[in-house]
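Here's the structure, in structure tokens; my notes come after.
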Amino acid sequence: MAEYSCLIVEDSPMMRQLLVFALARVKSLRVTEADDGVDALRKLAASRFDIIITDINMPIMDGLKLVKRIRSDQVHKETPIVIITTEGSQEDRQRALQLGANAYITKPIQAPQVIAKVKELLKIE
Amino acid sequence: MSEPPAGKTQKSEEIAREELKKERDDFLKAFFRKGVELTEELVRERDLARQRLLFLEEENARLRAQVASGDAIRELLRKIEALEIEKERVLHQFQEVQVASTRQHASFSEIENELANLANLYVASYQLHASLDPRGVLQTLKDLLAQFIGAEAFAIYLQLQENEGLIVAASEGVSESELPLVQPGQGMLGEVFTSGRAHHRDGDPRLGAISDPVAIIPLRLRDKIAGLLVIFRTLEQKHAFIQVDHELLKLLGAQAISALIAAQLFSAQDANQPPLSSLSDLGILSHGRVLVPHR
């Protein structure tokens with residue numbers, strides 16, 4: 001079975017833990033966590049990831065800047081990116097999609113939706 | 001009577017002989033002609049009989065083929081009938097399998113949802129008790145309400161002193177100056193505080209207001225109520241509370257105060273002392289012996 005790697009970028013430990021719990025249901029997925037955009041860039045430079053899930057609102061470097069940086073990175077420019085937004089932040093969502101994000105999930109996060117989105121983007125049965 | 005002259009007699013005999021010969025030839029010719037005719041007749045008869053035989057053989061073959069094809073058709077019809085029965089049986093089995101599959105799929109989805117719900121509750125409980133700072137616990141409570149429940153406007157009330165009113169310890173989405181004061185037994189909030197019975201408003205939780213909260217949850221410490229968790233309104237995408245929201249609110253109602261107290265005790269402890277040092281003063285350790293020598 002092919003193994004995929006996922007990077008979760010989320011400043012809230014609670015949301016990170018919830019995402020890790022949700023994605024533990026996807027058998028072939030190895031999950032790495034990052035606290036913010038800068039931490040994410042460090043981890044992206046060190047390893048190759050098959051999918052990236054990032055929150056929009058984060059300190060130090062927010063999700064929008066991170067999406068822009070990832071899309072200009074030779075290694076990860078094609079890597080699917082899922083952004084986490086709130087229903088109200090439609091502008092941020094549109095901006096993230098314009099910058100190259102592939103999909104979005106709205107809060108409050110439901111584990112089955114996260115799993116479905118990741119499987120869809122990684123084309124996992 | 002006089003005898004005919006000899007020459008004349010001889011001539012007559014020749015004539016008679018000629019006539020006889022002619023008669024014999026005619027007879028023979030007629031005989032052979034008849035024979036030829038008879039032979040020809042026989043040959044014709046034989047040819048006709050042969051043709052008839054051929055015709056009958058063909059007819060026979062045709063009839064045999066007809067009978068055989070009739071049998072084949074009957075056999076085919078029998079097979080079709082058997083196949084129809086088999087098809088019905090297979091369709092019935094397929095429907096049964098489909099029903100079982102649908103049931104299993106529903107059961108699988110239900111289990112998946114249950115697991116997701118349990119994960120939510122686990123994470124909530126874990127995070128609630130992870131902080132050793134009262135501010136951190138309050139922040140976790142706010143995060144849980146906003147990010148797990150989908151609350152947009154809410155407040156956490158605490159009773160700091162017995163028989164006194166409740167104070168607002170934290171809030172989100174509302175100005176604290178708008179929040180009502182809570183006295184035990186007074187108003188909707190005060191009644192929940194006194195009775196200890198949670199209040200859940202029917203209808204769309206997005207349409208709640210400060211005067212009409214969508215949920216009021218008593219925060220318990222053993223058999224006492226030490227505070228309230230009040231949700232005034234949910235986020236736009238939160239159309240209704242689901243089962244896990246109610247479970248989560250129950251969990252917060254049961255664990256929030258003990259998490260706050262634990263964090264408060266920890267932060268009040270002498271930072272120079274090991275965190276568990278006071279356990280020896282409580283007399284709960286067996287014999288008070290040190291089992292692992294300190295190096």
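Picking from residues in segment B:153-183 that are touching a Phe, Trp or Tyr at 6+ places or on another chain (Cβ under 8 Å) and either assigned to a loop (DSSP other than H, G, I, E, B) or polar (S, T, N, Q) (or both), the one that is surrounded by the most Cβ atoms within 10 Å (Cβ to Cβ) is B:GLN159. Tell me whether segment A:36-54 contains one or more residues that are touching a helix residue (DSSP H, G or I) at 6+ places or on another chain (Cβ under 7 Å) and of a type in the set (S, T, N, Q). Looking through segment A:36-54, at least one residue is touching a helix residue (DSSP H, G or I) at 6+ places or on another chain (Cβ under 7 Å) and of a type in the set (S, T, N, Q). Checking segment B:115-132 against the condition returns a match, with at least one residue being within 14 Å of another protein chain (Cβ to nearest Cβ), over 30 Å from A:THR106 (Cβ atoms) and either modelled with pLDDT of 95 or more or touching a helix residue (DSSP H, G or I) at 6+ places or on another chain (Cβ under 9 Å) (or both). If only residues of segment A:68-105 that are hydrophobic (A, V, I, L, M, F, W, C) and within 14 Å of chain B (Cβ to nearest Cβ) are counted, the one that is surrounded by the most Cβ atoms within 10 Å (Cβ to Cβ) is A:ILE84. Taking the criterion of being modelled with pLDDT of 90 or more, within 11 Å of another protein chain (Cβ to nearest Cβ) and either crowded, with 19+ Cβ neighbours inside 10 Å or touching a Lys or Arg at 6+ places or on another chain (Cβ under 6 Å) (or both), the residues of segment A:106-125 that qualify are A:VAL114, A:ILE115.
Just to be sure, is B:LYS238 under 37 Å from the mean Cα position of the chain (by Cα) and more than 14 Å from chain A (Cβ to nearest Cβ)? Taking the combined requirement at face value, the residue does not satisfy it. In segment B:136-169, how many residues are out of contact with any strand residue (DSSP E or B) (no Cβ under 9 Å at 6 or more places or on another chain), of a type outside the set (Asp, Glu) and away from chain A (no Cβ under 14 Å)? Within segment B:136-169, residues that are out of contact with any strand residue (DSSP E or B) (no Cβ under 9 Å at 6 or more places or on another chain), of a type outside the set (Asp, Glu) and away from chain A (no Cβ under 14 Å) number 2.
Of the residues making up segment B:184-199, just one is within 42 Å of the chain's Cα centre (by Cα) and surrounded by fewer than 15 Cβ atoms within 10 Å (Cβ to Cβ), namely B:ARG197.
Results for (1) out of contact with any Gly (no Cβ under 7 Å at 6 or more places or on another chain); (2) closer than 19 Å to A:PRO13 by Cβ, shown as yes or no for each residue.
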site: A:LYS43; (1), (2): yes, yes
site: A:THR54; (1), (2): no, yes
site: A:HIS76; (1), (2): yes, no
site: A:ARG93; (1), (2): yes, no
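All conditions but one from (1) modelled with pLDDT under 95; (2) assigned to a helix (DSSP H, G or I) apply to A:LYS43; the one that does not is (1). Determine whether segment B:94-109 contains at least one residue that is within 12 Å of chain A (Cβ to nearest Cβ) and touching a helix residue (DSSP H, G or I) at 6+ places or on another chain (Cβ under 7 Å). The answer is no; no qualifying residue exists. For segment B:129-152, filtering for residues that are surrounded by fewer than 22 Cβ atoms within 10 Å (Cβ to Cβ) and under 20 Å from B:PHE241 (Cβ atoms) leaves 4.
Of the listed requirements (1) assigned by TED's automatic domain parsing to the domain that holds B:PHE241; (2) at pLDDT 90 or above, B:ALA100 misses just one: (1).
Residue selection: B:GLY227 fails the criterion of being small (Gly, Ala, Ser) and part of a loop (DSSP other than H, G, I, E, B).
Checked against the criterion of being part of a strand (DSSP E or B) and either modelled with pLDDT of 95 or more or in the same structural domain as B:ASP143 (by TED's automatic domain parsing) (or both), the candidates B:ARG197, B:ARG206, B:ARG220 yield just one match: B:ARG220. Against the criterion of being surrounded by 13 or more Cβ atoms within 10 Å (Cβ to Cβ), in contact with a strand residue (DSSP E or B) (Cβ under 7 Å, 6 or more places away or on another chain) and away from chain A (no Cβ under 14 Å), B:LEU219 qualifies.
The set of residues in segment A:6-33 that are within 11 Å of the chain's Cα centre (by Cα) and away from chain B (no Cβ under 14 Å) comprises A:CYS6, A:LEU7, A:VAL9, A:THR32.
The values are calculated or read from the model by the stated rules, or taken from the named source; none is laboratory data. The shown structure was predicted, so the numbers you read here are calculated from the model rather than taken from an experiment. Positions of Cβ are backbone-derived with ideal geometry, glycine not excepted, and every protein chain shown enters the neighbour counts.
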